[in-house]
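Accompanying notes for the structure given below.
Read-outs: derived from the displayed coordinates by stated rules, not from any lab. Note that the structure is a prediction, hence the values are computed from the model and not measured. Note that we place each Cβ from the backbone using ideal geometry, even for glycine, and neighbour counts take in every protein chain shown.
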Amino acid sequence: MGSIEKGARKKRVRRNVRTAALVAIGTAGFIATAAVAPNIFQLLGKTGALARLKYQTKGVLTRLKLKGEIEFEERDGKKYVRLTERGEEALALGQQKMLLSTAKPRKWDRRYRLVMFDVPEKRKKARDRLRSQMQGAGFLRVQDSAWVHPYDCEEFVALLKADLRIGKDVLYAVVEEIENDGWIRKHFGLPLK
């Protein structure tokens, strides 16, 4: 495995641990920090790679705190953690992304969801994160700033726009037809005309 592949794999695992931590905290509402790690690994499963991450839970919580997604509180000598409003938004976005990438309606409504954006160069990080999130959710890039998905994803796009604070720079459209769409249909496993 090349170093680029290893780096991408590590990043995916970190993102999964982060999402699992948000889910564990969000499900409990208010949870003792000592209980976060067991709940994360119950959600992720106990594989060799994930078992090694057990000791990184403190680091995950620190990163979530730095991002403003969780806050700590001490009660009766025990440290507790809960989601902030920003953490709840991140959790909702993560859940929508997981739903979008795994759940497919039984029948395609023969419409495409097109996301087009023009994010200024000074917001390059937000633009790159937007592309990364859409790719991770199963969108197909049709041009640099135009991505397509065959199923309803309006809620995901709205959450993503709010999370990245780029609402005015992103357009969401539902279209009936895209010219020469055979390659798009093939990519998504949709019926050919």
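Take PHE156, PHE139, PHE188, PHE72 and order them by how many other Cβ atoms sit within 10 Å, fewest up front.
PHE72, PHE188, PHE139, PHE156
Only Lys, Arg, Asp and Glu count, each charged at its Cβ (+1, +1, -1, -1), so figure out the dipole size of the stretch 106-188 about its Cα centre, rounded to 20 debye.
Result for the stretch 106-188 is approximately 340 debye, rounded to the nearest 20.
Cα-based Rg (one decimal) and Dmax (whole number) for the stretch 89-147, in Å?
Gyration radius and largest Cα-Cα distance of the stretch 89-147: 13.0, 42 Å.
What ranking do LEU192, LEU100 get, fewest neighbouring Cβ atoms within 10 angstrom at the top?
Final ranking by Cβ density, sparse to dense: LEU192, LEU100.
For ALA146 and GLU121 in one chain, what is 0.36 nm times their gap in residues minus the Cα-Cα distance, to one decimal in nm?
Here the segment from ALA146 to GLU121 would lengthen by 7.4 nm.
Which value in nm describes the separation of the simple spin-label points at LYS78 and TYR172, placed 7 Å from the Cα toward the beta carbon?
Distance between the two pseudo-spin positions: 4.0 nm.
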